[in-house]
Amino acid sequence: MADWKEDNLACLTLWTTLYTMKQLFTNFSDSGDLKMSDLTYCNSLGSSGLIQQQATIIADQIDNIFRNGRGATYEKGVDRTKAIAGMVSVLTNGSKLVKDLALVADGLYHFWEETK
């Protein structure tokens, strides 16, 4: 399981992005342990196809915000297709946590001013 820390740019950028997207409404400290099923996009009554579609839309929005709004770039060997697929794999698993999504995002993106 990933560490959820404010000084980790993946965590902080993901939280601000999800908060801005109105996917969560909790403070930073409480957000890392939220399950994917707690985010507003997740419809517990939806079919697996609908959940997949919604997760893909959310991953696409996160990718656009990370790259176009927050100055992130893809890590070496990662492209848009890999980034979206990586996030969707977490977003479609209702028991995964926001901090798990941050860990995946950290492996997919190099965040602005992030040290290697």
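The values are calculated or read from the model by the stated rules, or taken from the named source; none is laboratory data. Keep in mind that what you see is a predicted model, and the values were worked out from it rather than measured. Because the Cβ atoms are built from the backbone with ideal geometry, glycine has one as well, and the counts that use them run over all protein chains shown.
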* Asked: Does the range 32-81 hold any residues that are more than 21 Å from TYR19 (Cβ to Cβ) and touching a strand residue (DSSP E or B) at 6+ places or on another chain (Cβ under 8 Å), and which are they?
  -> THR73, TYR74, GLU75, VAL78, ARG80
* To do: Spot the failing condition for GLU114; the list is (1) surrounded by 13 or more Cβ atoms within 10 Å (Cβ to Cβ); (2) out of contact with any Leu (no Cβ under 7 Å at 6 or more places or on another chain), and only one is missed.
  => (2)
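Table: residues versus (1) in a loop (DSSP other than H, G, I, E, B); (2) touching a Ser or Thr at 6+ places or on another chain (Cβ under 7 Å); (3) in contact (Cβ under 8 Å) with a residue 60 or more places away in the chain.
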residue: THR26; (1), (2), (3): yes, no, no
residue: ASP60; (1), (2), (3): no, no, no
residue: ILE65; (1), (2), (3): no, yes, no
residue: ASN68; (1), (2), (3): no, no, no
residue: LYS76; (1), (2), (3): yes, no, no
residue: ALA85; (1), (2), (3): no, no, no
* **Inter-residue pairs, beta-carbon under 8 Å, first at negative phi and outside any helix (DSSP H, G or I) and in the range 5-20, second acidic (Asp, Glu) and at pLDDT 95 or above, 6+ apart** => ASN8/ASP106
* Asked: What's the number of the condition GLY94 fails, among (1) at negative phi; (2) in a loop (DSSP other than H, G, I, E, B); (3) modelled with pLDDT of 95 or more; (4) not aromatic (Phe, Trp, Tyr)?
  -> (3)
